[in-house]
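Inspection log for the structure reproduced underneath, given as structure tokens.
The values are calculated or read from the model by the stated rules, or taken from the named source; none is laboratory data. Only a predicted model underlies this, so the values are computations on that prediction, with no experimental measurement involved. Here the Cβ positions follow ideal geometry from the backbone for every residue, glycine too, while neighbour counts run over all protein chains shown. Each accessible area value is taken on the protein alone, full model and side chains, heavy atoms only, with ligands, DNA and RNA left out. Shrake-Rupley method; radii C 1.70, N 1.55, O 1.52, S 1.80 Å.
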Amino acid sequence: MKNNLHHSQYIGTKINLLNFNFIQMRNFFLSIGEKKFCADQMMHWIYHEYCDDFNKMTNISNILRKKLNNMCVIEAPKFIEEKRSVDGTIKWQVAVNNNLVETVYIPEKNRSTLCISSQIGCILECSFCATGQIGFKKNLNVSEIVGQIWNASKIINHNQFQKHRPITNIVLMGMGEPLLNLNNVVNSLKIILNDFGFNISKNKVTLSTSGIVPALDKLSNMIDVNLAVSLHAPNNIIRDKLMPINKKYNIQNLLHSINRYLNKSHANRGGVTIEYVMLNNINDEVVHAEELAMILKKIPSKINLIPWNCFPNSIYKSSDPIKIKKFAAILIKKGFFTVIRKNRGTDINAACGQLVGNIV
Ligand code: SAH
Ligand code: SF4
């Protein structure tokens, strides 16, 4: 078994069980001469009881507990700083090696969403995104991705002193491009969806991507979750300027790939979510709304208009709220389900595209 393990699954010389999805957990227990139901018990202790101490796992034999203490750990990355917004949003800074990533909890009326990161930084350099400006540092491994949910759930669901709405939805919309860390992201999603894991329904888990076409095609053969795509422009001329990745996978390639994903998916009942950041005088004119409606005609989609969130030294400005409403009205008139995304946690720099990992 040891030979099959990737070095990122170890902490020191010990194996971090937070890196295993359900099947891998079963294989691990079989490989150390135990029954596979031990994996079910272990998943239950980790993801339902939030227990990281083998000595407290009462239905596991003393001998096995000793063996596990010698071989394994259950270790999530540390949440080192917490910031609370006036609107209830909470942002945590998470220490991963010598870097920081960010995890954001967003309570709403009927649900609570946890926004998690998949990479430290991002290689794609979208010009309107703070994460893109810091460059790429590292892919997060599975324990570093699911560890964000594990830590946050522990704080949110099990706080006896303060009532928070339990986490109902997960979005991969924090730092990084999830499809450029495909294997770790898919294994993390398996843990999120599995009954023995976080047990969250696929309709409530959303992966947001800038549109890495070959990886999106691969994803559709690996797992089924809600898809959100950062389109942000109605044509290639504008998108090339905002998102350099468009020069490799342009809008037409991307839309075809989205359709292929939707044809296979059962999670995306209302269609794909199209994310469109509203940038003053760049992509927010009436003609752009009309062009957007035209290119999306054959794609079952819900459109999410995102007021741009500022960060230092950026050349952009957010569109005027009146212009955003007008843009939305055109899309609605053309029959598109369109919402204007509410900015949450702006006072603590927790909104979309503001996540950079710096201590602010
Ligand atoms: N890399 C993925 C997921 C992380 S970004 C992606 O690009 O989809 C999550 C969302 O925030 C994306 O739609 C992204 O385009 C958007 N975003 C980035 N910077 C932003 C900013 N400054 N203001 C508003 N939205 C932003
Ligand atoms: Fe990366 Fe997404 Fe930011 Fe683009 S918008 S730089 S893909 S995190």
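Just a yes or no: is a residue in segment 157-176 part of a helix (DSSP H, G or I) and touching a helix residue (DSSP H, G or I) at 6+ places or on another chain (Cβ under 7 Å)?
Checking segment 157-176: not a single residue is part of a helix (DSSP H, G or I) and touching a helix residue (DSSP H, G or I) at 6+ places or on another chain (Cβ under 7 Å).
Could you run through segment 90-144 and say how many residues are under 25 Å from residue 317 (Cα atoms), surrounded by fewer than 18 Cβ atoms within 10 Å (Cβ to Cβ) and of a type in the set (A, V, I, L, M, F, W, C)?
2
Taking segment 82-120 only, how many residues are within 13 Å of the chain's Cα centre (by Cα) and not β-branched (Val, Ile, Thr)?
Qualifying residue count for the region: 7.
Looking at segment 44-80 only, could you name the residues that are in a strand (DSSP E or B), surrounded by 17 or more Cβ atoms within 10 Å (Cβ to Cβ) and not aromatic (Phe, Trp, Tyr)?
Within segment 44-80, 72, 73 qualify.
Does segment 121-131 contain at least one residue that is away from ligand 2 (no atom under 16 Å from the Cβ) and either at pLDDT below 95 or over 16 Å from the mean Cα position of the chain (by Cα) (or both)?
No, that holds for no residue.
Among residues belonging to segment 284-304 that are among the hydrophobic types (A, V, I, L, M, F, W, C) and crowded, with 21+ Cβ neighbours inside 10 Å, point out the one that is nearest to residue 256 (Cα to Cα).
If we filter segment 284-304 for residues that are among the hydrophobic types (A, V, I, L, M, F, W, C), which is where we start, we get 286-287, 289, 292-296, 299, 303.
Next cut, crowded, with 21+ Cβ neighbours inside 10 Å only: 289, 292, 296, 303.
On the way: 289: 20, 292: 15, 296: 11, 303: 17 Å.
Checking each candidate, the answer is 296.
I need the full set of residues from segment 105-146 which are out of contact with any Ser or Thr (no Cβ under 6 Å at 6 or more places or on another chain), among the β-branched types (Val, Ile, Thr) and within 11 Å of ligand 1 (Cβ to nearest atom), in order please.
If the condition is that a residue be out of contact with any Ser or Thr (no Cβ under 6 Å at 6 or more places or on another chain), among the β-branched types (Val, Ile, Thr) and within 11 Å of ligand 1 (Cβ to nearest atom), then 123, 131 are the ones that fit.
What tally of residues in segment 212-245 results from selecting those that are touching a helix residue (DSSP H, G or I) at 6+ places or on another chain (Cβ under 7 Å), of a type outside the set (A, V, I, L, M) and outside any helix (DSSP H, G or I)?
5
Taking only pairs six or more apart or across chains, which ones have beta-carbon atoms under 9 Å, a first residue in segment 323-336 that is touching a residue at least 40 places away in the same chain (Cβ under 8 Å) and farther than 18 Å from residue 300 by Cβ, and a second residue that is open to solvent by 30 Å² or more (accessible area, probe 1.4 Å) and in a helix (DSSP H, G or I)?
326/286; 327/286; 330/286; 330/290
Only one of 210, 201 is open to solvent by 30 Å² or more (accessible area, probe 1.4 Å), hydroxyl-bearing (Ser, Thr, Tyr) and modelled with pLDDT of 95 or more. Can you tell me which? Walk me through how you get there before you give the answer.
Numbers: 210 fails: open to solvent by 30 Å² or more (accessible area, probe 1.4 Å).
Being open to solvent by 30 Å² or more (accessible area, probe 1.4 Å), hydroxyl-bearing (Ser, Thr, Tyr) and modelled with pLDDT of 95 or more holds for just one of 210, 201, which is 201.
Residue 187 - would you say it is open to solvent by 10 Å² or more (accessible area, probe 1.4 Å) and on the phi < 0 side of the Ramachandran plot?
Taking the combined requirement at face value, the residue satisfies it.
Of all the helices (runs of 4 or more DSSP H) wholly in segment 246-335, which have at least 2 residues that are within 22 Å of residue 219 (Cβ to Cβ) and in contact with a Ser or Thr (Cβ under 8 Å, 6 or more places away or on another chain)? Break it down stepwise before answering.
Values: elements: 251-264, 286-295, 321-333.
Ranges flagged: 251-264.
From the list 134, 170, exactly one residue is away from ligand 2 (no atom under 15 Å from the Cβ) and touching a Cys at 6+ places or on another chain (Cβ under 9 Å). Which is it? Give the derivation first.
Numbers: 134 fails: away from ligand 2 (no atom under 15 Å from the Cβ).
Result of the check over 134, 170: 170.
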